[in-house]
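Every read-out reported here was derived from the displayed coordinates using simple, explicitly stated rules and does not represent laboratory data. Remember, it's a predicted structure, so these values are computed and weren't measured experimentally. Methodologically, a virtual Cβ is constructed for each residue, glycine included, from the backbone with ideal geometry; neighbour enumeration extends over all protein chains shown.
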Amino acid sequence: MQSQTEQIRDDIIRHFLNHPNTPVSGEDLSQALGISRTALWKQIRSLEKIGFGFEASPRVGYRLTEIPDELLEPLVQRELTTPISLGHKICWLQSCASTNDYALEIAKSNPVHGFVVAASVQEGGKGRYGRIWTSPRGGMWFTVTVQNPCAVAQAADLTLLASVAVFRALKAHGVDCQIKWPNDILCHGKKLCGILAQMRTNAERVEYAVIGIGMNVNFGIADLPEEVRATATTIYEETQQTLYRPSLLAKILTELDALYTALSDGYGGFALVREEWKQASATIGRHVSIRRSEGTIEGMAVDIDNRGSLLIEMDDGQTTLVHSGEILFSSSEQV
Ligand code: BTN
């Protein structure tokens, strides 16, 4: 959870955002927050270190002149256009091992629905299949906690719906992308975003789940390890432009909120967005090779069912449903 210092930091940011272009008196602000002038001064210094800019005028106060591109709660929340239940609390860390691990640790004692952990850098980011997820500065590394989201039988919907939410948000921000089964996001055939869900279940329900989303945004490919450069990409690499990450996170949370609400209310999970998923898919209609625990199979990905399983037509004409696995390649393309 957030420390008291972090909560005061966010209150200070909120106060400045609510007073754009006006100098804020240090005296008034420290009184309003119940902290000393020295404590306020220290907070202002640490805000400057994370990219905020202030103009200080003697006897008048501080004026906010610069806002950083970081996933801080007040910056994300002011980008929300509708009230949602996800992201009412965002714990932003300059660095952590893994936002999923951090969220899981908190969820063990108190799984607060909608609690988000975001980090500027991850030192031990985790990918699927126990892989390392390189998470340099400039990316979006965050985890959303959802409580009692669905039946165990629908657990796969959590990641499938998350990929749809990310897809919609990227499209809304002008990024050309596709979904690769089961839940990777590609840009021009290369991986831009991965999703890792971890959950606690009982016999029937998912008690809580942490949905970790990692997106390569405002950094170049040189910041990723050499071995993934042929198959991964970043938004900056593809568009030569930077995206304001708080706005993208607000959109992802908004889309995710709508999809997860429908899922937990029983109005529909993946089945509801299946057609949209197919339209966005980089997989359907391709010849694929899928690595599964029971062995690799090859064939044409012809459809996806209401549970998110892939229908593969093999060379001998037989069809099979694949529930989980990893697509290795499709013809000569890396999708
Ligand atoms: C994949 O292998 O495709 C999944 C990658 C998931 C990475 C994200 S980054 C935020 C969250 N924290 C982690 O340690 N992993 C996930």
Inter-label distance for HIS19 and THR320, nm, one decimal - labels placed 7 Å from Cα along Cα-to-Cβ: 6.7
Calculated from backbone phi, Karplus (6.51, -1.76, 1.60) coupling profile of the stretch 34-43 in Hz, x at Gly/Pro: x, 10, 6, 4, 5, 4, 5, 4, 5, 5
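Which value, to two decimals, describes the C-alpha radius of gyration of the stretch 256-299 once divided by 2.2 N^0.38 Å?
For the stretch 256-299, the normalised Cα radius of gyration is 1.58.
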In sequence order, calculated HN-Hα J values of the stretch 236-248 (Karplus, 6.51, -1.76, 1.60; Hz; x Gly/Pro): 4, 4, 7, 10, 6, 10, 9, 10, 6, 5, x, 5, 5
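Whole number please: convex hull volume per residue, Cα atoms of the stretch 1-153, in Å³.
On the way: hull volume 20.6 nm³, N = 153.
So the per-residue hull volume is 135 Å³.
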Residues whose placed amide H lies under 5 Å from that of GLY51, excluding near-sequence neighbours: none
Hull volume in cubic angstrom per residue (convex hull over the Cα atoms of the stretch 224-327): 158
Spin-label proximity, ALA39 to the stretch 1-33 - amide N less than 17 Å from point 7 Å beyond Cα toward beta carbon: 2-15, 26-33
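Cα convex hull of the chain: how many Å³ per residue?
Considering the Cα atoms of the chain, their hull volume per residue is 141 Å³.
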Kirkwood Rh, Cα atoms: Rg over Rh of the stretch 198-244: 1.26
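Going through the cross-link list LYS171/LYS278; LYS126/LYS171; LYS49/LYS89, which pairs have a Cα-Cα distance over 21 Å in this structure? Don't skip to the answer; put the middle values down first.
Working: LYS171/LYS278 15 Å; LYS126/LYS171 26 Å; LYS49/LYS89 23 Å.
Too far apart for the 21 Å limit: LYS126/LYS171; LYS49/LYS89.
Over the stretch 25-84, what lengths in whole Å, largest first, do the semi-axes of the equivalent ellipsoid take, defined as the square roots of 5 times the eigenvalues of the alpha-carbon gyration tensor?
Values: eigenvalues 111, 41, 25 Å².
Taking √(5λ) for each eigenvalue gives 24, 14, 11 Å, largest first.
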MRE, 222 nm, helices only [DSSP H, n ≥ 4, -39500 (n - 2.57), over the chain, to nearest 500]: -10000 deg cm²/dmol
Point-charge dipole on Cβ atoms (K/R +1, D/E -1) for the chain, about Cα centre, debye to 20: 760
